[in-house]
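What follows is one structure encoded as structure tokens, with my remarks underneath.
The values are calculated or read from the model by the stated rules, or taken from the named source; none is laboratory data. Remember, it's a predicted structure, so these values are computed and weren't measured experimentally. So basically every Cβ, Gly included, is an ideal-geometry build from the backbone, and we count neighbours across all protein chains shown.
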Amino acid sequence: VGRGWSERIDRRAIADCVPLFLPAIPFGFVLGLAITEGQMPMFIGWLGSPIIFAGAAQLAVVTLAGTASIWAVVTAGLVINTRHLMYSAALAPTFQHQPRWMRWFGPYLLIDQVFALVFLQSDRPPAEFRRYYLSVGLFFCLNWQWTVALGMIVGPVVPDSWRLDIAPAIMFLGLVVVGLQRRPQVLAAAVGGAVALATAGLRDRLGILVGALAGVAVGALAEWRVARAEPAVDVEEACA
Amino acid sequence: VRVSAWAALAITVVVGAMTYAMRAIAIVALAGRAIPVPLERALRNVGPAVLAALAFNLAAGGEGDAAGMSWPVVLAFAVTALTAWRLRSMLWSLGAGMTTLWIATALIT
């Protein structure tokens, strides 16, 4: 007899999701408002939530549709999502130990918040990681659908003075710092953030990609230096 | 210009399919292959680099000359980072960061 759904859910994963989902609610409301004010039929605007499932790209698509060419709209959506290539690369070693169905289904759920949470759990045994990943991913996926729908109704009501537009950025920063353990990671984060800030004026949020690539490059350089230094440390320890 | 239902659906499906492809490509392509140790170590830095870039870019707001962090946001970021580093808690860092943002916004602007 199979286990019930309540037993399959990782309750700690759901608890981890809540503080990340709260800042996503106003973002969902902003998107819902944009859908109601955009040039797309409203139902198809909402359909982007289950089909694209990436808030920033959805916002770009519904905002640009009708004001730019179709190819410009598609390109903007894709450029914004380019960082997902790096999420995929970063989690590829962990997914190597997952069954085939998980390797094909899991990526559908791989949004920013899911990556931020599961990246900290990469060292878990495969079955535990899968349970955590699916709990987190499905939590965000299911809740995102109603949040955007609700946003189409109540989006205009949230006051700007709450500054909830900044909440996702603060949440991501907290996640980065909580997860930092090694010097190359600190360097990668510092350079990634600084370059992304310096290039924030670029169109279509291209600065995210530029900053991320710079951070990864510096992190790789730091890893190379650490790897070079490690044998020397071993020799010192052996002599001691 | 109002977008027709078919054009809107086509845009949504194409962006959705390409987004899925970007999320899946490395996970599916690297399945069953040995990943060189240096590459595996380098990939550990992708998360911090991308998330930090995302945080600062989102905080900077608009595009072109409008992009930049206001003082209340800078202060909120500093308190968030310090709290996260000392307490290792996402919830406390979010609470401290948002509280700082509200107080600094009220005092500075």
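Some values worked out for this structure:
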quantity	calculated
Residue in the stretch A:70-90 that is over 30 Å from B:Ala31 (Cα atoms) and either in contact (Cβ under 8 Å) with a residue 40 or more places away in the chain or more than 9 Å from chain B (Cβ to nearest Cβ) (or both) present	yes
Qualifying residue in the stretch A:9-31 (condition: more than 11 Å from every other protein chain (Cβ to nearest Cβ) and among the basic types (Lys, Arg))	yes
Some residue of the stretch B:87-94 being in contact with a helix residue (DSSP H, G or I) (Cβ under 9 Å, 6 or more places away or on another chain) and touching a residue at least 12 places away in the same chain (Cβ under 8 Å)	yes
Sole exception among (1) within 11 Å of chain B (Cβ to nearest Cβ); (2) in contact (Cβ under 8 Å) with a residue 60 or more places away in the chain; (3) over 24 Å from B:Gly61 (Cα atoms); (4) among the aromatic types (Phe, Trp, Tyr) for A:Phe139, by number	(1)
Flag if B:Ala42 is more than 7 Å from chain A (Cβ to nearest Cβ) and within 23 Å of the chain's Cα centre (by Cα)	no
The stretch A:186-202 residues that are touching a residue at least 12 places away in the same chain (Cβ under 8 Å) and at the interface with chain B (Cβ under 7 Å from one of its Cβ atoms), paired with ones that are of a type outside the set (A, V, I, L, M, F, W, C) and not in a helix (DSSP H, G or I) (beta carbon under 7 Å, 6 or more apart)	A:Ala188/B:Asn45
Only one of B:Ala55, B:Ala67, B:Ala60, B:Ala81 that is within 7 Å of chain A (Cβ to nearest Cβ), out of contact with any Lys or Arg (no Cβ under 9 Å at 6 or more places or on another chain), modelled with pLDDT of 90 or more and crowded, with 16+ Cβ neighbours inside 10 Å	B:Ala81
Pair list, Cβ under 7 Å, 6 or more apart: the stretch A:207-219 residue more than 14 Å from A:Arg182 (Cα to Cα), other residue basic (Lys, Arg)	A:Ile208/A:Arg83; A:Leu209/A:Arg83; A:Ala212/A:Arg83
Residue satisfying condition, being part of a helix (DSSP H, G or I), exposed (fewer than 13 other Cβ atoms within 10 Å of the Cβ) and not acidic (Asp, Glu), within set B:Pro72, B:Pro48, B:Pro38	B:Pro38
Selection within the stretch A:41-52 - within 8 Å of another protein chain (Cβ to nearest Cβ), within 22 Å of the chain's Cα centre (by Cα) and surrounded by fewer than 23 Cβ atoms within 10 Å (Cβ to Cβ)	A:Leu47, A:Ile51
Any hit, the stretch A:205-215, residues being closer than 17 Å to B:Leu43 by Cβ, of a type in the set (D, E, K, R) and touching a helix residue (DSSP H, G or I) at 6+ places or on another chain (Cβ under 8 Å)	no
Cβ-Cβ under 6 Å pairs, at least 6 apart or on other chains, the stretch B:19-35 side within 7 Å of chain A (Cβ to nearest Cβ), far side among the aliphatic types (A, V, I, L, M)	B:Thr19/A:Ile52; B:Thr19/A:Ala54; B:Met22/A:Leu85; B:Arg23/A:Leu110; B:Ala26/A:Ala89; B:Ala26/A:Ala92; B:Ile27/A:Ala92; B:Leu30/A:Ala92
Tally, over the stretch A:107-143, of residues that are farther than 27 Å from B:Ser89 by Cβ and within 15 Å of the chain's Cα centre (by Cα)	2
Some residue of the stretch B:7-16 being more than 7 Å from chain A (Cβ to nearest Cβ), crowded, with 17+ Cβ neighbours inside 10 Å and not small (Gly, Ala, Ser)	no
Subset of the stretch A:96-139 (residues that are outside any helix (DSSP H, G or I) and of a type outside the set (D, E, K, R))	A:Gln96, A:His97, A:Gln98, A:Pro99, A:Leu110, A:Ile111, A:Leu120, A:Gln121, A:Ser122, A:Pro125
Residue that is surrounded by the most Cβ atoms within 10 Å (Cβ to Cβ) [pool: residues in the stretch A:53-64 that are within 7 Å of another protein chain (Cβ to nearest Cβ) and in contact with a Gly (Cβ under 6 Å, 6 or more places away or on another chain)]	A:Val61
